[in-house]
Amino acid sequence: MRDIDINAPAARVWELISDFHTAPIRMAPGFVVDSTPGGPNLRTVTFANGFVARELLISSDEAMRRTVFSIVGGTVTPQHDNASMQVFDNETGGSHFVWVHDVLPDELAPQFAAAMEHGLTVLKHTAEQANLL
């Protein structure tokens, strides 16, 4: 689990992550170089380092500002993969972003954790810059 406080309203952060097909490129431009729809609940995400993830949307809940997805193919196909992203209002008028990612085998966890850390940094910058506009 990774989380971060963002100096932008939760509604703004949700705008960046809520559309399954465009969320990766919108929330992490530069870190993600392409997000291509592969059907109503599938997308192929290409990262700047060449990693490709084919992802399946499990659920999206606008009221809870929560989305859940799973890697089902690509450069690495985990035995098990489940990720959720959720945005909460915080007491300062900004937001708190929580990203949970479960993956098997365990050997993949450090690689995924490093990508999540970098992705959170880019998301924070993207959301805060957009909030200034």
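Since every read-out is calculated from the coordinates, none of them should be taken as a lab result. Just so you know, these numbers come straight off a predicted model, no measurement behind them. As a convention, Cβ positions derive from the backbone with ideal geometry for all residues, glycine included, and neighbour counts pool all protein chains shown.
Assorted remarks:
- Sites ALA114 and ALA63, calculated FRET efficiency, Cβ-Cβ separation with R0 25 Å, nearest 0.05: 0.20
- Scattering curve values for the chain, log₁₀ I(q)/I(0), Debye with Cα scatterers, q = 0.10, 0.22 Å⁻¹: -0.29, -1.48
- Residue with peak Gaussian network fluctuation, the chain [Cα springs, cutoff 10 Å], from ALA48, ALA113, ALA11: ALA48
- Sites GLN129 and PHE88 - FRET efficiency at Förster radius 30 Å, r taken between beta-carbons, to 0.05: 0.90
- In degrees, nearest ten, helix 109-132 long axis to first principal axis of the chain (Cα): 30
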